[in-house]
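Only one structure is covered here, and it is reproduced in the block below.
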Amino acid sequence: MAEYILYEVADRIATITLNRANRANAQTQKMLEELNQAWEAAAADDEVRVILLRAEGKHFSAGHDTSGSEETRTPELAKVSAGIPETGLLELYKWEAKYFFGFSRRWRDIPKPSIAAVQGACIAGGLLLAWPCDIIIAADNARFSDPVVLMGIGGVEYHGHTWELGPRKAKEMLFTAQPIGAVEAERRGMVNKVVPLADLDKEARDMALQIAKMHPHALAMAKRAVNHTMDIIGQYAALQSVFDIHQLGHASAYAQAGQMILVDHKAIKAAG
Ligand code: ZN
């Protein structure tokens, strides 16, 4: 039984719901594990033609839960912190390669169409859940931001900004840590459609129903064609390379402050 995720299959649509609304769907390790299990269940289920990712509450996701609360502490993360004196940042590298980069990449390549329905804030790690989806439908109140530069790091682990927004807007988003609104995101091609907040679930579901009528093999091949084209252009190599640049940010923060990020919650909150 999942704690932070709801999962339901109906009408050939697997609906995965982020269900930690009381924390603006901030992501813990357990939540990411549950989310990945839901994606894998949808991938393996022949009844499922389309995957719909949505979120309970006002916000899609406030990103990774960096509060240090009880819920965020796991044996693996304890090992990451404890391992730093002996192994440098190797354990952190491995942990983030799995939970942040690896999961996002896996979801991006699951051979079934996926739709993200995004409302409210989609901050930093929230982008790692939305970007891997094939289609993004945004409520008119959606706003997308990556304030990780405020933590001394050049952007989130799965660095999709340049691909999603083009280089100039990507730089503006990173340099200013300011959010991009739904309409601007649509104009840039990051979002397929902007709809009134009240219609978000219906619009996302209608598109899922429409896609679910198509032949599953044709859908898988269409997705593969686009994803491979992006990878031939260099997307995968670039994402991997920038993941390493991200780790350099962690190393620098650790060298300066003995922490993996330079946490300034006030500044981060103001930017979000
Ligand atoms: Zn990181």
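The values are calculated or read from the model by the stated rules, or taken from the named source; none is laboratory data. Computed from a prediction, not measured in an experiment: that's the story for all the values here. Here Cβ is always computed from backbone atoms with ideal geometry, including for glycine, and neighbour counts include all displayed protein chains. Just the protein is used for accessible areas: all its heavy atoms, side chains included, with ligands, DNA and RNA removed. Shrake-Rupley method; radii C 1.70, N 1.55, O 1.52, S 1.80 Å.
Taking Cβ atoms as reference points and 15 Å as the exclusive limit, the residues near residue 86 contribute a net charge of +1, counting Lys and Arg as +1 and Asp and Glu as -1.
How large a share of the accessible area of region 5-271, in percent, is made up of carbon and sulfur atoms when the probe is 1.4 Å and the other protein chains stay in place? Carbon and sulfur: 57 percent of the exposed surface of region 5-271.
Residue 34 contributes an accessible area of around 20 Å² to the protein surface, as traced by a 1.4 Å probe with all chains present.
The local environment of residue 161, defined by Cβ-Cβ distances under 14 Å, has a net charge of -1 under the rule Lys, Arg +1 and Asp, Glu -1.
By DSSP, what percent of the beta bridges with both residues in the chain are antiparallel, rounded to the nearest 5?
Values: 8 of 29 bridges.
In the chain, DSSP labels about 30 percent of beta bridges as antiparallel.
A probe of 1.4 angstrom, applied to the heavy atoms of all protein chains, finds residue 263 with accessible area near 60 square angstrom. Put a plus charge on the Cβ of each Lys and Arg, a minus charge on the Cβ of each Asp and Glu, and nothing anywhere else: the dipole of the chain about its Cα centre is then about 560 debye. Using just its DSSP H runs of length 4 or more, each adding -39500 (n - 2.57), the chain gives a mean residue ellipticity at 222 nm of -14500 deg cm²/dmol after division by all residues. A 1.4 Å probe over all protein chains sorts 207, 214, 190 by accessible area into 214, 207, 190, starting with the largest.
For the set 173, 1, 221, 260, solvent exposure ranked by accessible area (probe 1.4 Å, protein chains only) runs largest to smallest as 1, 221, 260, 173. Size of region 24-123 from its Cα atoms: along the principal axes, largest to smallest, the extents are 47, 30, 18 Å.
Ordering 92, 77 by how much accessible area each has at a 1.4 Å probe, largest first, what is the list?
Working: 92 5, 77 50 Å².
So the residues, ranked largest to smallest area, are 77, 92.
Dimensions of the chain based on its C-alpha atoms, expressed as ranges along the principal axes with the largest first, amount to 54, 40, 38 Å. Accessible area per residue for region 5-271, computed on protein heavy atoms with a 1.4 Å probe, is 46 Å². Per-residue surface analysis assigns residue 194 an accessible area of about 40 Å², computed on protein heavy atoms at 1.4 Å probe radius.
My understanding is that a pair violates if its Cα-Cα distance is over 24 Å; which of 171/202; 58/193; 112/171; 58/202; 30/94 do that in this structure?
Numbers: 171/202 34 Å; 58/193 19 Å; 112/171 31 Å; 58/202 16 Å; 30/94 17 Å.
Table pairs above 24 Å Cα-Cα are 171/202; 112/171.
With the cut-off at 21 Å, report for region 169-272 the share of all Cα pairs above it, as a whole percent.
Tail fraction, whole percent: 63.
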